[in-house]
Amino acid sequence: MNWLSRSNQWLNHRWLKRSSWFNSPYLLLVLTVLFWAGNAIVGRAVHSQIPPVSLAFWRWSLAGFLILIPAWRHLKRDWQQILAHWQILLLLSALGIALFNTLLYQGLQFTTAINAILMQSAMPLVVVLLSYSLFQEKLTCKQAIGVGISFMGAVAIVAHGDWQQLVTLSFNQGDLLILIGVVGYAGYTALLRLRPKLHPLSFLAVTFILGSFLLLPFYLGEIATGQFTPLTSTTILSIGYVAIFPSILAYLCYNRGVELIGANQAGLFIHLVPVFGSVMAMLFLGEKLYWFHAIGFSLILSGITLVTRQPDQGLGALKNAK
């Protein structure tokens, strides 16, 4: 082993020791949802300036280019694994990269933000159903109760505490597009257990680039209809934000979180999207805090705590000590 190999090993070891946060699933998943909430705010803010497919295409293309730089040496090492598992990588790219956010941006052209958030709040339930259908991963009674409580909290925020709003909601083609996207991303979450053993940066680079290529025909079709993205400071900064925070950083955190605690528990954190979305709306859009925000957040936090809390080990430890 030459001095360069020893040096690389030492650097990797030191980096891993300093990166204890990368082994903290709850911190990773909270950061993920925080970045995704920002994506919803930006997507709503620029929906009249950037066509939906264009926003998705440039988001993933820029993210793929940026991640390619630090991922390059890992890609060279993982290349044989990538070729051997191209089918599952292509499927994950289609579901998690090309499909969900494109349909979300497209759906927001036709439906309200309330409907869009409500559809996304159903994602943890869909993850549970797909995990059971595909891998027979069962939900415990405690997890089922926690998912239900958390879902009620998300709905309380979306409905602004007025349950009658849910009765009067109307649905259209935009809602159907978002629902299809939700099912697709739930499939991505459930199928992450099948991803090959690649370095996290290699996995992101491959899926981002494949997702961009899958979106390219639809992007060209959008341009053919006369829908262009103006080059302004707003559009450039918006694309830069969604490429870095909800894409590179969020996917690094989310994929690692699913790896550490499983799809069912990780998916539950998506219920925090309306919580962070409400806070960001207050900070950046001048909206006010209401009582239903506090109730919804309390229910979501209670549900997540119930599902993720480890069983009390005190009695078992006492017995082992005897």
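Scanning segment 185-235 for residues that are farther than 19 Å from ASN101 by Cα and part of a helix (DSSP H, G or I) gives ARG193, LEU194, PRO200, LEU201, SER202, ALA224, SER233, THR234. On the stretch given as segment 143-161, residues that are at pLDDT 75 or above and in contact with a His (Cβ under 8 Å, 6 or more places away or on another chain) total 4. The residues in segment 225-267 that are surrounded by fewer than 18 Cβ atoms within 10 Å (Cβ to Cβ) and either at positive phi or basic (Lys, Arg) (or both) can be counted, and the count is 1. Kindly check whether there is at least one residue in segment 16-36 that is open to solvent by less than 30 Å² (accessible area, probe 1.4 Å), among the basic types (Lys, Arg) and either at pLDDT below 70 or within 15 Å of ILE209 (Cα to Cα) (or both). Checking segment 16-36: not a single residue is open to solvent by less than 30 Å² (accessible area, probe 1.4 Å), among the basic types (Lys, Arg) and either at pLDDT below 70 or within 15 Å of ILE209 (Cα to Cα) (or both).
Being part of a helix (DSSP H, G or I), more than 18 Å from THR189 (Cβ to Cβ), open to solvent by less than 50 Å² (accessible area, probe 1.4 Å) and at pLDDT 90 or above holds for only one residue in ILE67, ILE41, and it is ILE67. Here is the figure for segment 249-303: residues that are modelled with pLDDT of 85 or more and basic (Lys, Arg) total 1.
Taking first residues from segment 34-56 that are more than 18 Å from LEU272 (Cα to Cα) and partners that are hydroxyl-bearing (Ser, Thr, Tyr) and open to solvent by 30 Å² or more (accessible area, probe 1.4 Å), the Cβ contacts under 6 Å between residues at least 6 apart in sequence or on separate chains come to ILE50/THR229; VAL53/TYR219; SER54/THR229.
The values are calculated or read from the model by the stated rules, or taken from the named source; none is laboratory data. What you are looking at is a predicted structure, and each value in this text was computed from that prediction instead of being measured. Here Cβ is always computed from backbone atoms with ideal geometry, including for glycine, and neighbour counts include all displayed protein chains. The accessibility values were calculated without ligands, DNA or RNA, using every heavy atom of the protein model including side chains. Shrake-Rupley method; radii C 1.70, N 1.55, O 1.52, S 1.80 Å.
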